[in-house]
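Visitor: Below is a structure I'd like to ask you about.
The values are calculated or read from the model by the stated rules, or taken from the named source; none is laboratory data. All of these numbers come straight from a predicted model, not from anything done at the bench. Neighbour counts run over all protein chains shown; Cβ positions are idealised from the backbone, glycine included. Accessible surface areas use protein heavy atoms only, side chains included; no ligands, DNA or RNA. Shrake-Rupley method; radii C 1.70, N 1.55, O 1.52, S 1.80 Å.
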Amino acid sequence: MNDRVAIPLSKIRKARPTPKGRSVDAVAREEIASLLGGAPRAPEYLIENLHKVQDHFGSLSAARLAALAEAMKLSQAEVFEVATFYHHFDVVKEGEDAPAKLTVRVCDTLSCRMAGAEGLLERLKVTLGPSVRVLAAPCIGRCAEAPAVCVGQNAFGDATAEKVAMVVKEGVVRPPRTSHIGYAEYREAGGYALWAGCLAGKRDLEGVLKTMEDAGLRGLGGAGFPTGRKWRIVRAEAGPRFMAVNIDEGEPGTFKDRHYLERDPHRFLEGMLVAAWATGIERIWIYLRDEYHACREALEKEIALLRADPPGPLPEIHLRRGAGAYICGEESAMIESIEGKRGMPRLRPPYVAQVGLFGRPTLEHNFETLYWVREILEKGAGWFASQGRNGRKGLRSFSVSGRVNRPGVHLAPAGITVKELIAEYCGGMLEGHGFYAYLPGGASGGILPASMGDIPLDFDTLQPHGCFIGSAAVIVLSDHDRARDAALNMMRFFEDESCGQCTPCRAGTAKAAKLMEAPKWDAALLEELSQAMADASICGLGQAAPNPIRCVVKHFPHEV
């Protein structure tokens, strides 16, 4: 007996003519194919290819994102989640109008806000008209020239409404920039002789490692891990080994890496190659923040000249472009971004020295750390270690901004105090301004009163006071400012820049910023919130975000 039941043809599900999800528009498919041309389409190039689309069309439409996903053989969800993570990608949803093709970003972080950025922002919104989009933006690395502005991809400081309008009108003409030492000039002055000597066996590997250790050079991106020890750790791992160089430099108040890169890029590149030789590195990725457009053009040119006439066999060198995300200054978030993903910090262990880029042991370094390698190896460990004050050793590049006569990058002895730094290197306080307070390490490093201006500025000297030096971004406040206002500005920055991965940071920074807007702070509640962020956040952003709160409550109780 046949028990089968006949199913009406009307109820039989028909096969879909297209896959589930958004269908790819034929016009968008052709646009993306033409734009990418022969560009690499491996997943690690997603952010690079998103930049191509953004630069060409001025925004990222849903249709073009779907076409890019198809071209790169990625899911649309993966492309959309990466595109929406970074500040500099303008994703246009269905039914929305594309933004104006030209965007003017006005930095509103602390140093620029002290210099009048808020008023400049409001004025530009009125004077530039609807054809230009004007946005408040986080630090763009020109704090010494506050207020700073980005017109399209062109960043400049000492901005006025008239200057910005002129740049917009003349087609985003870049202002004059500092000229740098090019490849030929660098070689003529003895450049790359150190690296060539290492390759030729004129330098003993153990001697190089010991010199770096004896010099006491520590990571100058903020963490301060001993450089020589890091080289030994990575070298001990099984190959292949990779290197990731961090020039994301998004900490408010920090601009030292840009300062040196604009002047002497090959000194950094030679230090990078020596580090690669010492640790057996096969491939190198340089991650440069998107706000440093002119630096990127110069670096691309100089790397091309190096490749065309190298003093020795080069490892693979890749230059990657950030997309506006402070969190990518954190080493594992940067690695995620280099791999073409959202810049979200990894849980550790394992550490990047063991499992880093593409799962391989990775030597991660800040730009300035590598910048000093050549000089230390040529002059000796004793030369570097002999510098310093107040019992400290070495040199520090202080990015100084705020209420001083000569803001800028000042190379000074490690252990110098902020009072000495202001008096000897910065030309004193501005006329009519009395020294009131300072941030020794940018947004994350806390805030101290002028009465504590005799503490040596170096690694491990500020922690007992709830602060740290980090990347040595010193922001000077005067009696025209309030520490609580500076702390609120920093917390709003953290709120905006939190990657959102962990609740303590994502929700904690937002809640803290709201509480800090009150005329009188609820100190007990803010401390409870601070403890939760410090204890439970995945990475340093959330862990350090409470520092400004705690410093104000402790050192400026009359303001809260």
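Visitor: Skip the ligands, DNA and RNA, and give the accessible area per residue of region 165-317 with a 1.4 Å probe, whole Å².
Guide: Result: 40 Å² per residue.
Visitor: Moving on to the next point. Each residue of region 124-140 in turn: what ³J(HN,Hα) in whole Hz from Karplus with 6.51, -1.76, 1.60 and θ = phi - 60°, glycine and Pro shown as x?
Guide: 5, 4, 7, 7, 7, x, x, 7, 10, 8, 10, 10, 6, 9, x, 3, 10
Visitor: Counting only DSSP beta bridges with both residues in region 145-285, tell me the antiparallel percent, nearest 5.
Guide: 50
Visitor: Nearest 500 deg cm²/dmol is fine: what mean residue ellipticity at 222 nm does the chain get from its DSSP H runs of n ≥ 4 alone, each adding -39,500 (n - 2.57), divided by its residue count?
Guide: -11500 deg cm²/dmol
Visitor: Show me the ranking of peptides 334-346, 414-426 by mean Cβ neighbours inside 10 Å, starting with the highest.
Guide: Averaged packing, sorted descending, gives the order 334-346, 414-426.
Visitor: Which aspartates and glutamates, on any chain, are close to Lys163 with Cα under 14 Å apart, when same-chain ones fewer than 8 places away are left out?
Guide: Glu145
Visitor: While we're on this one: Using a ≥ b ≥ c from the Cα gyration tensor of region 280-411 (square roots of the eigenvalues), is it rounded, prolate or oblate, where a/c under 1.5 gives rounded and otherwise the larger of a/b and b/c decides, a/b for prolate?
Guide: rounded
Visitor: Can I ask one more? Listed highest first by mean packing, meaning other Cβ atoms within 10 Å per residue, what order do 451-457, 134-140 come in?
Guide: Highest to lowest by the protection proxy: 134-140, 451-457.
Visitor: So for each of 547-556, 89-98 I average, over its residues, the number of other beta carbons within 10 Å; can you give me the resulting order with the highest mean first?
Guide: Listed from highest to lowest mean packing, they are 547-556, 89-98.
Visitor: Note the full-extension length gain between His480 and Glu213 as 0.36 nm times their separation in residues minus their Cα-Cα distance, in nm to one decimal.
Guide: Contour length minus Cα-Cα distance gives 91.7 nm.
Visitor: Rounded to the nearest 0.05, what FRET efficiency do Glu78 and Ala33 give with R0 = 22 Å and r taken as the Cβ-Cβ distance? Could you check?
Guide: After rounding to 0.05, the efficiency reads 0.70.
Visitor: In addition: Assuming a ≥ b ≥ c are the square roots of the Cα gyration tensor eigenvalues, decide whether region 433-492 counts as rounded (a/c under 1.5), prolate (otherwise, with a/b larger than b/c) or oblate.
Guide: Oblate, because a/c is 1.5 or more while a/b does not exceed b/c.
Visitor: Using DSSP, restrict attention to beta bridges with both residues in region 407-525 and report what percent are antiparallel, rounded to the nearest 5.
Guide: 75
Visitor: Turning to a different aspect of this structure: Would you kindly state how much longer the chain becomes between Arg389 and Asn154 on full extension, computed as 0.36 nm times their sequence separation minus their alpha carbon distance, in nm to one decimal?
Guide: 80.7 nm
Visitor: May I pose another question? Tell me, what HN-Hα J-couplings in whole Hz come from the Karplus equation 6.51 cos²θ - 1.76 cosθ + 1.60 at θ = phi - 60° for each residue of region 34-45, using x for Gly and Pro?
Guide: Once θ is set to phi - 60°, the couplings for region 34-45 become 5, 5, 6, x, x, 4, x, 10, 5, x, 5, 9 Hz.
Visitor: A further question on this structure: With the crude spin-label approximation of a point 7 Å out along Cα→Cβ, what separation in nm comes out for Leu305 versus Arg506?
Guide: Here the modelled spin labels are 4.7 nm apart.
Visitor: With each label point set 7 Å from Cα along the Cα-Cβ vector, what nm distance links Arg229 and Ala423?
Guide: Roughly 3.5 nm, to one decimal.
Visitor: Among the listed pairs Lys230/Lys256; Lys125/Lys169; Lys52/Lys511, which have their C-alpha atoms separated by more than 27 angstrom in this model?
Guide: Lys52/Lys511
Visitor: Between Glu170 and Ala136, 0.36 nm times their residue separation minus their Cα-Cα distance comes to what?
Guide: So the extension gain works out to 10.0 nm.
Visitor: So I have (i) 46, 26, 23; (ii) 45, 30, 27; (iii) 39, 32, 25, and one of them is semi-axes √(5λ) of the Cα gyration tensor in Å calculated from this model. Which one is it?
Guide: The listed entry that was calculated here is (iii).
Visitor: So if R0 is 56 Å, what FRET efficiency would Arg348 and Ala200 give, r being the distance between their Cβ atoms, rounded to the nearest 0.05?
Guide: Efficiency for this residue pair is about 0.90.
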